[in-house]
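Scroll down for the structure; my scribbles are underneath it.
Each reported figure results from applying straightforward, stated rules to the coordinates on display, with no laboratory input. For clarity, every value in this text was computed on a predicted model and none was experimentally measured. FYI the Cβ positions are ideal-geometry reconstructions off the backbone, even for glycines, and counts take in every protein chain you see.
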Amino acid sequence: MKVCRRETFNSAHRLFRKEWSDEKNRDVFGKCSNPNYHGHNYVLEVWIEGAIDPETGFVIDLKELKSVIVAHIIERFDHRNLNLDCIEFEGINPTTENIARVIWNILRVKLDPKFGIEVQLSETDKNKAYYAGV
Ligand code: NI
């Protein structure tokens, strides 16, 4: 059985490799390599897989899941510049893929090991990444 909590956050980023020319960065990363950064309204879905607790009828108390996501993901990344403010992205391009993986790794430590965790992160209506530990 799986249940999901959806949260949103807004962050700025820039995709680039400093050893590449401006032209190559533009070719590879497009507008996301604009030097002065830009923002996205990220939509995060965290899916938790586990057995239904016979006493509560829950896989996980979604209030508790919300608290963990807010405390460790939203507080950390919302209204931040991912490149400049967040040590998690030092030397790592904050692509949707890498942000999803960073979020999964944080949640894996914070949630009971008995749960399976899947993270889906949408950068726009059209682009999203999914990570479940592999
Ligand atoms: Ni972007």
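Filter the stretch 74-120 for residues that are out of contact with any strand residue (DSSP E or B) (no Cβ under 7 Å at 6 or more places or on another chain), among the β-branched types (Val, Ile, Thr) and surrounded by 14 or more Cβ atoms within 10 Å (Cβ to Cβ) and give the result.
Step one: filter the stretch 74-120 for residues out of contact with any strand residue (DSSP E or B) (no Cβ under 7 Å at 6 or more places or on another chain), giving 75-76, 84-85, 87-93, 95, 98, 102, 105-106, 109-110, 112-114.
Of the ones still in play, those that are also among the β-branched types (Val, Ile, Thr) are 87, 92, 95, 102, 106, 109.
Once the filter is applied, which keeps residues that are out of contact with any strand residue (DSSP E or B) (no Cβ under 7 Å at 6 or more places or on another chain), among the β-branched types (Val, Ile, Thr) and surrounded by 14 or more Cβ atoms within 10 Å (Cβ to Cβ), the stretch 74-120 yields Ile92, Thr95, Val102, Ile106.
Within the stretch 17-40, track down each residue that is more than 11 Å from the ligand (Cβ to nearest atom) and surrounded by 15 or more Cβ atoms within 10 Å (Cβ to Cβ). Show your work before the answer.
Taking the stretch 17-40 first, the residues more than 11 Å from the ligand (Cβ to nearest atom) are 17-28, 35-36.
Hits for the stretch 17-40 are Asn25, Arg26.
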### Query
Among the residues of the stretch 42-55, is any within 16 Å of the ligand (Cβ to nearest atom) and over 19 Å from Val3 (Cα atoms)?
yes
### Task
Check whether at least one residue in the stretch 76-84 is in a loop (DSSP other than H, G, I, E, B), more than 17 Å from Ile117 (Cα to Cα), among the basic types (Lys, Arg) and more than 13 Å from the ligand (Cβ to nearest atom), and report yes or no.
no
